[in-house]
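Below is one structure, written out as structure tokens; comments come after it.
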Amino acid sequence: MRVLMVVAALVLGSMGATKADTVDYLDLPLVNGNGEQRGGVHPDLPSDRATIEAALAGYRARGIAPTRFKALLWHYWIVRAAEDAGVNLSEWDPQRSAESNRAVIFAVYDFYAKLYLTHPDTLRWMGFANIGAPAFAAGMLDLGTVPELRWFSSMLMSMQKHIFMDLGAMHAAYLHGGIAAVQELRDAGVIDPETTAAWADPAQAVMEFSSREQNLVIAGQFDRMRARLLPPGEMVTYAITVAGPMPVPGGKTPAQYRPLFGGPLPAFNYADRVARWDFLSNDTVPAYERLGKETVHRIVQRPFAERVAEYRAAARLLDFLPFRSSTGVR
């Protein structure tokens, strides 16, 4: 009798532990959904892919609504994307200095290039993301060299991570799980129906994905940058607008697109969502769409570090002398 009681206790204890391990991942808030802190969307989520896959399989088998394991599902595809990019997600922290994060910054954009080069007829947004990246990466590094501007550098690095967590994860889902994996992200509430529909033909989705990036993913972070009081975010973000050159061949600079009183300054701040999307949707994205596949290949195949070096100049971000263009976030 005593033996039976011990066995029963062990069985019940094992069942309880399994249930607890599963339930612990349900209904978790997205405490790091904007990518501004180290790791994934919630600190309690496992980093081991096999553990995540087992938990997801259990939820699916039990018929649990995807909305209840939204954090785990999104985290899973972020982990897969990070693995593909060779990035240690658990150590990726935008609050570290840009110089400390250099390897991660470059690895992400090299990953975008790799995806485009291996899927040039499908994953066209990745080519656009990589081409626009050197000036943005240079901005992270340049701002990071000035103590009073390091907060802005961290925000740019947070934007990079936020975009990776969103669009990078979606691309990982599509590549490893097909449209069904993308649809599960929709069912969980990670992405909206319009974005899901765009995956029916990702080769034609550059504008849709760019709109999601600019108007949903990083819009709030740009707003916070611009609203910063010390030093004045209005000045810093406007300096970014006038200082960073536009890397897309054939695209206009902000000053060329909308000059201030016909002069060398742009008549808008890139941190303004409406003005930024007007510029990108009417000039930058169409300029990219006009590029032939050979041209995109030639650009993204160049070593990323070389392209960043061409845009490294802290003076472009700190004063208004070289009135040239905008740093497009990628």
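The values are calculated or read from the model by the stated rules, or taken from the named source; none is laboratory data. Bear in mind the structure is a predicted one, so any value in this text is a computation, not a measurement. Positions of Cβ are generated from backbone atoms using ideal geometry, with glycine treated the same way; all protein chains shown enter the neighbour counts. The protein model used for the area step is the full one, side chains on, heavy atoms only, and it has no ligands, DNA or RNA in it. Shrake-Rupley method; radii C 1.70, N 1.55, O 1.52, S 1.80 Å.
Can you tell me which residue within the stretch 256-265, out of those that are open to solvent by 60 Å² or more (accessible area, probe 1.4 Å) and in a loop (DSSP other than H, G, I, E, B), is farthest from Thr295 (Cα to Cα)?
Phe261
Among the residues of the stretch 178-198, is any open to solvent by 60 Å² or more (accessible area, probe 1.4 Å), over 23 Å from Leu30 (Cα atoms) and touching a helix residue (DSSP H, G or I) at 6+ places or on another chain (Cβ under 8 Å)?
Within the stretch 178-198, not a single residue is open to solvent by 60 Å² or more (accessible area, probe 1.4 Å), over 23 Å from Leu30 (Cα atoms) and touching a helix residue (DSSP H, G or I) at 6+ places or on another chain (Cβ under 8 Å).
Return the residues of the stretch 113-154 that are open to solvent by 10 Å² or more (accessible area, probe 1.4 Å), touching a residue at least 12 places away in the same chain (Cβ under 8 Å) and of a type in the set (S, T, N, Q); say none if nothing qualifies.
Answer for the stretch 113-154, where residues must be open to solvent by 10 Å² or more (accessible area, probe 1.4 Å), touching a residue at least 12 places away in the same chain (Cβ under 8 Å) and of a type in the set (S, T, N, Q): Thr122, Thr145, Ser154.
Any chance you could count how many residues in the stretch 188-223 are of a type in the set (Asp, Glu), part of a loop (DSSP other than H, G, I, E, B) and closer than 21 Å to Gly127 by Cβ? Don't jump to the end; show me each part of the working.
Initially, the stretch 188-223 is screened for residues of a type in the set (Asp, Glu), giving 192, 194, 201, 208, 213, 223.
From what is left, the residues that are part of a loop (DSSP other than H, G, I, E, B) are 192, 201.
Keeping just the survivors that are closer than 21 Å to Gly127 by Cβ gives 201.
Total meeting the criteria: 1.
One line per residue, one yes/no per condition, for (1) in a loop (DSSP other than H, G, I, E, B); (2) farther than 13 Å from Glu184 by Cα; (3) open to solvent by less than 50 Å² (accessible area, probe 1.4 Å):
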residue	(1), (2), (3)
Gly40	yes, yes, yes
Ile52	no, yes, yes
Phe69	no, no, yes
Trp74	no, no, yes
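For the stretch 91-100, check the following and say yes or no: at least one residue is farther than 22 Å from Ala172 by Cα, of a type outside the set (S, T, N, Q) and modelled with pLDDT under 95.
no
Is there any pair linking a residue in the stretch 201-220 that is farther than 17 Å from Asn130 by Cα to one that is open to solvent by 10 Å² or more (accessible area, probe 1.4 Å) and of a type in the set (Val, Ile, Thr), with Cβ under 8 Å and at least six apart or on different chains, and which?
That search, which allows pairs on different chains as well, returns nothing.
Of all residues in the stretch 226-255, how many are in a helix (DSSP H, G or I), surrounded by 15 or more Cβ atoms within 10 Å (Cβ to Cβ) and not β-branched (Val, Ile, Thr)?
Residues flagged as in a helix (DSSP H, G or I), surrounded by 15 or more Cβ atoms within 10 Å (Cβ to Cβ) and not β-branched (Val, Ile, Thr) within the stretch 226-255 amount to 8.
If you go through the stretch 26-63, how many residues are touching a Ser or Thr at 6+ places or on another chain (Cβ under 9 Å) and either within 22 Å of Val108 (Cα to Cα) or β-branched (Val, Ile, Thr) (or both)?
Qualifying residue count for the region: 8.
Among the listed residues Met170, Met165, which satisfies the condition of being in contact with a Gly (Cβ under 8 Å, 6 or more places away or on another chain), at pLDDT 95 or above and of a type outside the set (Asp, Glu)?
Selected residue: Met165, the only one of Met170, Met165 that is in contact with a Gly (Cβ under 8 Å, 6 or more places away or on another chain), at pLDDT 95 or above and of a type outside the set (Asp, Glu).
Only one residue in Gln214, Gln221 is within 26 Å of Leu291 (Cα to Cα), at pLDDT 95 or above and open to solvent by less than 20 Å² (accessible area, probe 1.4 Å). Which one?
The match here is Gln214.
Can you name the residue in the stretch 307-325 that is of a type in the set (D, E, K, R) and within 22 Å of the chain's Cα centre (by Cα) and, of all such residues, is modelled with the highest pLDDT?
Per the criteria, the residue is Arg307.
Just checking: which of the helices (runs of 4 or more DSSP H) contained wholly in the stretch 124-184 hold 2 or more residues that are closer than 11 Å to Tyr112 by Cβ and of a type outside the set (Phe, Trp, Tyr)? Explain how you work it out, then say what you get.
On the way: elements: 124-131, 133-143, 150-163.
Counting at least 2 such residues, we get 124-131, 150-163.
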